[in-house]
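Undergrad: Please read through the structure below; I'll follow up with questions.
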Amino acid sequence: MSSQVLFSAAYRDLLDGPLSHWLNTLPQQLDDWYRHALHGEFKKWQKLVDKLPVLEPHTLEFANGVTIGDGTSVSEYQQKQIEGLLRQFMPWRKGPFNIHGIHIDTEWRSDWKWDRVKPHLAPLAGKQVLDVGCGSGYHLWRMLGEGAANVYGIDPTQLFLIQFMAVKHFIGKAPVHLLPLGIEQMQPLKAFDTVFSMGVLYHRKDPMQFLQQLKDQLKPGGQLVLETLVVDGDENTVLMAGERYAQMRNVWFLPSCEALKIWLARLGFENCQTVDVSVTSVEEQRATSWMTNHSLVDFLDPSDHSKTIEGYPAPTRAVITAIKK
C-alpha cells in the first residue's frame, strides 16, 4: 500500500471542495511521512488492521457517542477476534468507542469533554472542520454527528492514526480523515469554518505562534474552539511549570483564562469567551484495561488532590471560543 492509496479518500473529498488548494502541498508531505513510517511499527500495525473482519454496521451512532453496530450481528468468535486485534493497538487514550458490542474503555472520557464543548459551538452542519491534535479521532466522529460536511484531524502520532484506521474500518466510507501532520506543516489554508484545538496549547513552547497557526486555518468569521490547561488569576497570570507538571515533561505555559483571551485578542480574534472551566477528575482520566499505564491519580499529591505531585495546582481545563475577524 502506498500513501496515495492510504489517503486516497481524503484526496477525493478535498478535490472538489473549498479546501482543494491543500492538495498543493499535502500529497508530497504524506509521501514523505509514509516513507519514514515504514521504518517503525506502522507496517506491522497495518497488517493487523487488514485482519479485522469486514462487517456491515447495521447501526451507526455519532450524535450521542461513537457506536458501531450493537453486537447482535457478530458471533462470539468474531467479537473475540476483533477485541484481540484492537488490544494490539493499546494504549487507547481518547474515547470511548463501542464496536460491535465491544466497549473500548479509554483512559479519557472524551465524551464528557464533548458534552462541555457542544453547547457553545457554531452550527457544524454542512461545514468544513479541522481538529488540531485530534489523537485517535474520537471527537472527529462527534463532529460528523453534528452534521459537518467534511472533518479533518491532524496528529503526527502513528499509533493514533492506526487506532483511527481500525475504527473507520468498521464504519466504512465517511467524510472524516486523520492526516499524520503537525500544525507547523500546514500551509495557511484560511478555509475552515471551525477549528478545534483541545489539549495541545500547553505542549507548545511558543503559544502565540501556535495560536496564529490555528488562526491561519480559519476563514474570516470562522470559530476557534480552544481547550487547554489554565490556572486561576487575572490577565497577567501565567504559570510556567518547572521540569515536570503532573509528571509531564512537555508542559510549558498555563495561562489564566483572562490572559488567554488577551493573547487571542492581540492576534486578531474577537468575541473571545470563556464558556467552561472544569477541574479534571480522576473519574474523567484514569487507567483502564485498555490503558494500563499510570494516569491522573498517580500524578496528584496523594494527600491533597487539589495539587499535582510537584505542588502545582491540579489540572483545570477551560474552553475558550473566539471568532476570526
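Undergrad: What number of residues within segment 233-273 satisfy the criterion of being within 21 Å of R204 (Cα to Cα), open to solvent by 50 Å² or more (accessible area, probe 1.4 Å), in contact with a strand residue (DSSP E or B) (Cβ under 8 Å, 6 or more places away or on another chain) and part of a strand (DSSP E or B)?
TA: 3
Undergrad: OK, next. What are the residues in segment 209-244 that are charged (D, E, K, R) and under 16 Å from P315 (Cβ atoms), if any?
TA: E227, D232, R244
Undergrad: Next question, about the same structure. Go through segment 112-144 and report how many residues are over 22 Å from Q273 (Cα atoms), out of contact with any strand residue (DSSP E or B) (no Cβ under 8 Å at 6 or more places or on another chain) and crowded, with 18+ Cβ neighbours inside 10 Å.
TA: 1
Undergrad: Being in a loop (DSSP other than H, G, I, E, B), among the aliphatic types (A, V, I, L, M) and open to solvent by less than 20 Å² (accessible area, probe 1.4 Å) is the requirement here; does L52 meet it?
TA: yes
Undergrad: May I ask you to verify whether G84 is small (G, A, S), within 17 Å of A166 (Cα to Cα) and open to solvent by less than 20 Å² (accessible area, probe 1.4 Å)?
TA: no
Undergrad: Still on this structure, please answer the following. I want to confirm something. Restricting to segment 210-232 and keeping residues that are in a loop (DSSP other than H, G, I, E, B) and charged (D, E, K, R), which single residue is farthest from the chain's Cα centre (by Cα)?
TA: D232
Undergrad: Would you call F192 open to solvent by less than 10 Å² (accessible area, probe 1.4 Å), over 15 Å from V151 (Cα atoms) and aromatic (F, W, Y)?
TA: Considered against the rule, which asks whether it is open to solvent by less than 10 Å² (accessible area, probe 1.4 Å), over 15 Å from V151 (Cα atoms) and aromatic (F, W, Y), F192 comes out as no.
Undergrad: Please pick out the residue among K173, K168, K215 that is over 27 Å from R87 (Cβ atoms), among the basic types (K, R) and surrounded by fewer than 22 Cβ atoms within 10 Å (Cβ to Cβ).
TA: K215
Undergrad: Regarding segment 276-291, can at least one residue be identified that is at pLDDT 95 or above, in contact with a Ser or Thr (Cβ under 7 Å, 6 or more places away or on another chain), basic (K, R) and in a loop (DSSP other than H, G, I, E, B)?
TA: Yes: segment 276-291 contains one or more residues that are at pLDDT 95 or above, in contact with a Ser or Thr (Cβ under 7 Å, 6 or more places away or on another chain), basic (K, R) and in a loop (DSSP other than H, G, I, E, B).
Undergrad: Let me ask you something else. Which of the following residues is basic (K, R), at pLDDT below 95 and over 30 Å from S295 (Cα atoms): R35, R12?
TA: On inspection, the qualifying residue turns out to be R35.
The values are calculated or read from the model by the stated rules, or taken from the named source; none is laboratory data. A quick note: this is a predicted structure, and the numbers were derived from the prediction, not measured. When we count neighbours, we look across all protein chains shown, and the Cβ atoms used for this are built from the backbone with ideal geometry, even at glycine. Ligands, DNA and RNA are stripped out before the accessible areas are found, and what is left, the full protein with its side chains, is counted by its heavy atoms. Shrake-Rupley method; radii C 1.70, N 1.55, O 1.52, S 1.80 Å.
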